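Visitor: Take a look at the following structure, please.
The values are calculated or read from the model by the stated rules, or taken from the named source; none is laboratory data. The shown structure was predicted, so the numbers you read here are calculated from the model rather than taken from an experiment. Positions of Cβ are generated from backbone atoms using ideal geometry, with glycine treated the same way; all protein chains shown enter the neighbour counts. Heavy atoms of the whole protein, side chains included, go into the accessibility calculation; ligands, DNA and RNA do not. Shrake-Rupley method; radii C 1.70, N 1.55, O 1.52, S 1.80 Å.
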Amino acid sequence: MTRRQQVQIMSNDPYWWEARDRGTPYASDGGGQSYDVAVIGSGYTGLSAAHKLAANGVSVLVIEAEELGFGASTRNGGMVSGTLKLSHKELCEAYGRDTANALFQEAQDSVLFLEQFISENDISCDYQRTGMYFAAYAPKHYDALAREADELAALGVETRMVPQTEQRQKLASDIYFGGRTTVLAGGLHPAKYHAGLVAACRRAGVVFRTRCRVNAIKREGTSYVLATDGGNFRADQVVIATNAYTDPGMPWFRRRVIPIGSYIIATEAMDPAMLRRLIPSAEMIQDTKRNLFYYRLSPDGTRMIFGGRTSFRPIDASESASRLHAAMSKVFPSMASARITNSWTGNVAFTFNKVPHVGTHDGIHFALGCCGQGVALMSHFGDQIGHRILGQGGDTAFAHTRFTTKPFYSGHPWFLPVVGEFYRLLDWLERP
Ligand SMILES: Cc1cc2nc3c(=O)[nH]c(=O)nc-3n(C[C@H](O)[C@H](O)[C@H](O)COP(=O)(O)OP(=O)(O)OC[C@H]3O[C@@H](n4cnc5c(N)ncnc54)[C@H](O)[C@@H]3O)c2cc1C
């Protein structure tokens, strides 16, 4: 049964939050008003930058408007990959082959960075290098994946094409036209990874201020004054790590980021053997639609986690649950009777050229616009910002493409419903 039914949910908090210790580790610290570096935002980007700096003797304050990890970093699908939103061909067309290769290579390397960081800091976040399977939604998507595989092989990126006839080795569904596995990819528990980052930062001496929104940043002499809900803070350097949650207090940055809601559901606990038969390889799965779906098993193998951009207008958690449940049932008809416990949403940051950006504007460091692929990449960017501030390199390929905006855009993406419908039409037209 694939018809959409009204789905009852138990919680509109992310499933991942159930594993969080909401106590002391997440509390706000005291601390002074002056620091070497102030980091705005406590997701992977901010924490990774803060950790690099504090571990090298820099005094760092992380300021978070809500609770630590309130943004995408504890809401995401936990899929670790070094892929970018644009294909290698699209990057070549936009920036030339050398830049495309450099962007691709660095994105791949971000996975190795993440793996090393998790291991060095002993973070228990259920990370497994499972691979990621891109399921072709149309025959021409399969052909495009195959062509790209040849280009990626030349860059040393290991992929494996899976024809439609062999697809059931990957997933128990017949709606796709084959696909491609990227080998250097995996899955983790996003909130456990975030908690591990918080703990590593605390060990390194980072000071946290939570529920403390930065409302304005002003330059005074050689330092910056941050006007916040909790008073003024002074810092010699500032890092903006607010991604899709960038607010009007940072207008230049907000004008360059397009926040798009992404929705996820988690099923009730189910028979792990039955779920494993649906995804025998336990890979992370993404389809190739423009309005894509992404799904995986929970790290303990007991739940299906299923996400996608089911709406470009804000919708409530039970509406998104119903839509995602219908989509999941279409992929796996046997899941039509599965109950949903959690349904939640978070904002993904797109940019106008669909490439993430790292850099410095008016002396302020930033990494923004993961375009939905930020677990490894944004962690790596945070680390690179740390390197840059320490004067130890940090010259990423993502600092060399122009971070543009559009006339009259101020951070409110009024055009999304129209674009979303257009993408839906294109997806429909490509499907035989
Ligand atoms: C539903 C969903 C699913 C996703 N799935 C995947 C996936 O499977 N794999 C993958 O690689 N990526 C995924 N992503 C993307 C990934 O989660 C993000 O790229 C990454 O978490 C971004 O981290 P960040 O630190 O830059 O931003 P965030 O984690 O969003 O943190 C930004 C923080 O800044 C704070 N903030 C904003 N303004 C202010 C202010 N004025 N003062 C103080 N604090 C402020 C916010 O409260 C927020 O906590 C997903 C994203 C979403 C939303």
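Visitor: When all alpha-carbon pairs of the chain are counted, what percent fall beyond 30 Å? Display every interim value, and only then the final one.
Guide: Details: 37804 of 93096 pairs.
So the portion of pairs separated by more than 30 Å is 41 percent.
Visitor: Here's something else I'd like to know. In what sequence, highest mean first, do 261-268, 53-60, 392-399 appear when ranked by Cβ atoms within 10 angstrom?
Guide: Numbers: 261-268: 22.1, 53-60: 20.2, 392-399: 16.2.
For the peptides 261-268, 53-60, 392-399, the packing ranking is 261-268, 53-60, 392-399.
Visitor: Hand me the GluC sites (Glu not before Pro) from segment 88-195 located in a DSSP loop with no more than 16 other Cβ atoms within 10 Å, in residue order please.
Guide: Numbers: sites: GLU90, GLU93, GLU106, GLU115, GLU120, GLU148, GLU151, GLU158, GLU166; in loops: GLU158.
Here the sparse-neighbourhood loop sites are GLU158.
Visitor: Over the chain, what percent of the accessible surface lies on carbon and sulfur atoms, probe 1.4 Å?
Guide: 51
Visitor: What spacing in nm lies between the two simple spin-label points modelled at SER318 and GLN116, each 7 Å away from Cα in the Cβ direction?
Guide: The two pseudo-label positions are separated by 5.0 nm.
Visitor: Among the listed pairs LYS52/LYS406; LYS140/LYS192; LYS85/LYS192; LYS89/LYS330; LYS192/LYS406, give every one whose C-alpha distance is greater than 27 Å.
Guide: LYS52/LYS406; LYS140/LYS192; LYS89/LYS330; LYS192/LYS406
Visitor: Rounded to the nearest Å, what's the spacing between the alpha carbon centres of segment 320-366 and segment 257-314? Just the number, please.
Guide: Between the Cα centres of segment 320-366 and segment 257-314 lies a distance of 9 Å.
Visitor: May I pose another question? Using the basic label-point model (7 angstrom from Cα toward the beta carbon), what is the ASP229 to SER28 distance in nanometres?
Guide: If labels sit at ASP229 and SER28, their model points lie 0.7 nm apart.
Visitor: Where q = 0.12, 0.14, 0.16, 0.21 Å⁻¹, what log10 of I(q)/I(0) comes from the Debye formula for segment 187-251, counting one point per Cα?
Guide: For segment 187-251, the Cα-only Debye profile gives -0.41, -0.55, -0.70, -1.04.
Visitor: A further question follows. Count neighbours as other Cβ atoms within 10 Å of each site's Cβ, and list the trypsin sites (Lys or Arg not before Pro) in segment 87-168 that are DSSP loop with at most 11 such neighbours.
Guide: In loop regions of segment 87-168 (DSSP not H, G, I, E or B), there are no sparsely surrounded trypsin sites (Lys or Arg not before Pro).
Visitor: Helices from the chain with mean Kyte-Doolittle at least -1.0 and a Cα length along the axis of 30 Å or more, per DSSP H: which?
Guide: Result, helices passing both filters: 97-120.
Visitor: Let me ask you something else. Would you mind counting up the charge near ALA50? Only other residues with Cβ under 15 Å from its Cβ, with Lys and Arg at +1 and Asp and Glu at -1.
Guide: 0
Visitor: Next up: If you stretched the chain out fully between ARG213 and ARG129, how much longer would it get, using 0.36 nm times the residue separation minus the C-alpha to C-alpha distance?
Guide: 26.6 nm
Visitor: Still on this structure: Measuring with a 1.4 Å probe in the full set of protein chains, what accessible area per residue, in whole Å², belongs to the chain?
Guide: 41
Visitor: Quick one: how many Å² of SER11 are accessible to a 1.4 Å probe, rounded to 10?
Guide: 40
Visitor: Here's another thing I want to ask about it. Can you grab the distance from the C-alpha centre of segment 87-164 to the C-alpha centre of segment 217-233, Å, no decimals?
Guide: After rounding, the separation between the Cα centres reads 40 Å.
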